[in-house]
């Protein structure tokens with residue numbers, strides 16, 4: 001868990017982003033290292049990470065990108081990807 005970090009690219013106007021955000025915050029509260037990035041406020045990062053749609057999730061393990069996916073997913077699916085990245 002400590003070696004895994006996820007970036008969650010979102011925007012206030014995005015309906016799917018709003019549906020995912022509550023359980024992303026639950027995962028943060030459970031100890032997962034998740035950074036919520038407002039795409040409108042962080043255009044440089046959006047461009048640098050080639051974010052084409054939102055929500056987009058980028059998962060890193062030990063600083064290396066190991067997974068990337070876009071679109072709203074159920075909490076269980078996102079948690080499964082975090083577990084896979086952490087080797088649990």
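Out of 61, 86, I need the residue that is touching a residue at least 60 places away in the same chain (Cβ under 8 Å) and either in contact with a strand residue (DSSP E or B) (Cβ under 8 Å, 6 or more places away or on another chain) or surrounded by 15 or more Cβ atoms within 10 Å (Cβ to Cβ) (or both). Which one?
Working: 61 fails: touching a residue at least 60 places away in the same chain (Cβ under 8 Å).
Of 61, 86, the one residue that is touching a residue at least 60 places away in the same chain (Cβ under 8 Å) and either in contact with a strand residue (DSSP E or B) (Cβ under 8 Å, 6 or more places away or on another chain) or surrounded by 15 or more Cβ atoms within 10 Å (Cβ to Cβ) (or both) is 86.
Going through the range 1-17 one residue at a time, which ones are in contact with a strand residue (DSSP E or B) (Cβ under 9 Å, 6 or more places away or on another chain), exposed (fewer than 15 other Cβ atoms within 10 Å of the Cβ) and over 20 Å from residue 82 (Cα atoms)?
12
Determine if the range 33-52 includes at least one residue that is more than 16 Å from residue 10 (Cβ to Cβ), crowded, with 17+ Cβ neighbours inside 10 Å and at pLDDT 95 or above.
No - not one qualifying residue is present in the range 33-52.
Could you give every pair whose Cβ atoms fall below 6 Å, whose first residue belongs to the range 1-30 and is touching a residue at least 24 places away in the same chain (Cβ under 8 Å), and whose second residue is in a helix (DSSP H, G or I) and surrounded by fewer than 17 Cβ atoms within 10 Å (Cβ to Cβ), counting only separations of at least 6 or pairs across chains?
Going by the 6 Å Cβ cut-off, the qualifying pairs are 1/86; 4/86; 23/75.
For residue 69, indicate whether it is loosely packed, with under 15 Cβ neighbours inside 10 Å, at pLDDT 95 or above and touching a strand residue (DSSP E or B) at 6+ places or on another chain (Cβ under 6 Å).
For residue 69, the condition - loosely packed, with under 15 Cβ neighbours inside 10 Å, at pLDDT 95 or above and touching a strand residue (DSSP E or B) at 6+ places or on another chain (Cβ under 6 Å) - is met.
Do we find that residue 26 is part of a helix (DSSP H, G or I) and in contact with a helix residue (DSSP H, G or I) (Cβ under 8 Å, 6 or more places away or on another chain) in this structure? If you could, list the steps in order and put the result at the bottom.
Numbers: part of a helix (DSSP H, G or I): yes; in contact with a helix residue (DSSP H, G or I) (Cβ under 8 Å, 6 or more places away or on another chain): yes.
Yes: the conditions hold for residue 26.
May I ask you to say which residue of 73, 43, 68 is more than 10 Å from the chain's Cα centre (by Cα) and without any contact (Cβ under 8 Å) to a residue 40 or more places away in the chain? If you could, list the steps in order and put the result at the bottom.
On the way: 73 fails: without any contact (Cβ under 8 Å) to a residue 40 or more places away in the chain; 68 fails: more than 10 Å from the chain's Cα centre (by Cα).
Answer to the selection: 43.
The values are calculated or read from the model by the stated rules, or taken from the named source; none is laboratory data. Here the structure is a predicted model, which is why all the values come from computation and not from measurement. Methodologically, a virtual Cβ is constructed for each residue, glycine included, from the backbone with ideal geometry; neighbour enumeration extends over all protein chains shown.
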